[in-house]
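Please read the structure below before turning to the comments.
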Amino acid sequence: MTTTVPAAEVADLLRTLIRNRCVNDGTPDSGHEHRSAATLTSYLGEPEARFEPHPGRVSALWRVPGTRPGAPRLLLLGHTDVVPVSEAGWSVDPFEAVERDGFIWGRGAVDMLNQTASMAAVMRRHLTGEAPPLPGDLLFLAVADEEAGGKLGAGHLTEHHWEQVASEYVLTEIGAPMLAGAEGPGLPVTTAEKGPHWRVVRARGVPGHGSQPYGTANALVPLADAIARLGDAPMPVLISDEWRAFVEAWAPGPALAARLLDPDLIDGAVEDLAADDPGFARWVHACTHLTVSPNTLHAGVKANVVPDAAEAEVDVRLLPGQETSDLLDHFRKVLGPDAVDDLEIVEVESSVAGGSAPEGPLWEAIGDALEAVAGHRRMLPTLIPVATDARYFRRRGSVAYGTAVFDDRVGFGDLLSMFHGHDERVSEASLGLTADHLARTVARFGELTEA
Ligand SMILES: [Zn+2]
């Protein structure tokens, strides 16, 4: 039997989490996740543990002990931080949690305060005894700092407090709406993610007077040239096993499927998709290419001084099966070997892509829950281009998936465009569906892991 969670209760909690404004701008003093940890403490009661590796950066852990020693643990992992907004692009105040047309609008509405609120609502049923304990421990972890890489959140916890947060199975982000296929709609369930490989690219020169540029070694010019090339060059294609599994499960029709799986036809297919659905096209491109995005550029001090240093940060994402050598090969090919040797390329972050196989009790539990909620159990094992906290747990051997259920008022591509974008919003009906799906998944996981 599954207890039900009223959508209005999840919506109330979500509104408070949005208003808490836990904006993580990447600096240690931002985030202020202690606010949402306090909100969740008043909703759930005192946590088993609070972690605060830097003042204000609070993660909190709740647990319902299992009934059978040694049974697999299940962790509900939600982050409470959000990315900054550029307010001018929003139709509403992004931190007021305005309700309009059945939607709650605000930063974090789909990334991922909707899921964090749903997880908390399900956990509450288990903490109060309204829903029975599972064979293994059930954990809920509200973490800080996901949006800046998790070093003050999941990264810290899995490194320094593993014995407390250890779990064989993890449910986390991302959740996305159903995709229509030839055999009917299918639910994307995140099973794998690309690996972020951030690099600082630096050029050196010699300072001089800007009035006499002849023959000077200006650091900005070669760097700007390199960045323009990296941004413009076609990015290398790779059709991974993960992408193949997704397309085969989605079954978008034989003609499109064939193009999406052929390295020579994929770029044309992306271009055609972009005409109707740019958000979806961007995502398909990212799931089938090593991507390179130069995102910052710093050089010079003054209009009349030739700059002696210039640097840019470049966000490279590698697919499963690709390595650092693929990144360097691409840089060499695009910039030429001499330019690569003249520039300094410094590693900032290198995480290999990772994933969990779509099989086993948690996968089956998600399918059974989906059948009860949506009337079918078509799940699409999904590779995502973004990095999430799942990677810290997968490295420790956990099986981690991301799932949520949405009503059909926002399509897949439109939802993807809301992540870190303007006018992020989620319908109250979707909150109810996600909480129901999650409650059923947890209950079913319990049944499937009985002795
Ligand atoms: Zn997120």
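The values are calculated or read from the model by the stated rules, or taken from the named source; none is laboratory data. Not measured: the values here are computed from a predicted model. Cβ placement follows ideal geometry from the backbone for every residue including glycine, while neighbour counts extend to all protein chains displayed. Only protein heavy atoms, including side chains, enter the accessible area calculation; ligands, DNA and RNA are left aside. Shrake-Rupley method; radii C 1.70, N 1.55, O 1.52, S 1.80 Å.
A few comments on the model shown:
- Checked against the criterion of being assigned by TED's automatic domain parsing to the domain that holds LEU415 and part of a strand (DSSP E or B), the candidates LEU187, LEU152, LEU171 yield just one match: LEU171.
- Cross-chain or 6+ apart pairs with Cβ under 8 Å, the range 27-46 first and over 17 Å from THR116 (Cβ atoms) and among the small types (Gly, Ala, Ser), then outside any helix (DSSP H, G or I) and open to solvent by 30 Å² or more (accessible area, probe 1.4 Å): SER30/VAL23
- Selection within the range 103-124 - open to solvent by 20 Å² or more (accessible area, probe 1.4 Å) and charged (D, E, K, R): ARG124
- Among the candidates ALA228, ALA281, ALA269, residue that is aliphatic (A, V, I, L, M) and open to solvent by 20 Å² or more (accessible area, probe 1.4 Å): ALA228
- Filtered residue count, the range 1-31, keeping only those that are more than 12 Å from GLY108 (Cα to Cα), out of contact with any Leu (no Cβ under 7 Å at 6 or more places or on another chain), crowded, with 20+ Cβ neighbours inside 10 Å and modelled with pLDDT of 95 or more: 2
- Residues satisfying the stated conditions in the range 374-390, i.e. of a type in the set (D, E, K, R) and either surrounded by fewer than 22 Cβ atoms within 10 Å (Cβ to Cβ) or more than 15 Å from the ligand (Cβ to nearest atom) (or both): ARG377, ARG378
- Test: residue in the range 358-365 that is outside the structural domain of ALA249 (by TED's automatic domain parsing), within 27 Å of LEU327 (Cβ to Cβ) and open to solvent by 20 Å² or more (accessible area, probe 1.4 Å): no
- For SER42, the criteria (1) of a type outside the set (Phe, Trp, Tyr); (2) within 20 Å of LEU76 (Cβ to Cβ); (3) modelled with pLDDT under 95; (4) open to solvent by 30 Å² or more (accessible area, probe 1.4 Å) hold in every case but one, which is (3).
- Checked against (1) among the β-branched types (Val, Ile, Thr); (2) more than 16 Å from the ligand (Cβ to nearest atom); (3) open to solvent by 10 Å² or more (accessible area, probe 1.4 Å), VAL405 passes all but condition (3).
- Identity of the residue in the range 136-174, out of contact with any strand residue (DSSP E or B) (no Cβ under 8 Å at 6 or more places or on another chain) and away from the ligand (no atom under 16 Å from the Cβ), that ends up nearest to PRO361 (Cα to Cα): ALA166
- Any hit, the range 284-291, residues being closer than 19 Å to VAL189 by Cα and open to solvent by 20 Å² or more (accessible area, probe 1.4 Å): yes
- Matching entry among LEU179, LEU157 (being open to solvent by 10 Å² or more (accessible area, probe 1.4 Å), of a type in the set (A, V, I, L, M) and touching a residue at least 40 places away in the same chain (Cβ under 8 Å)): LEU179
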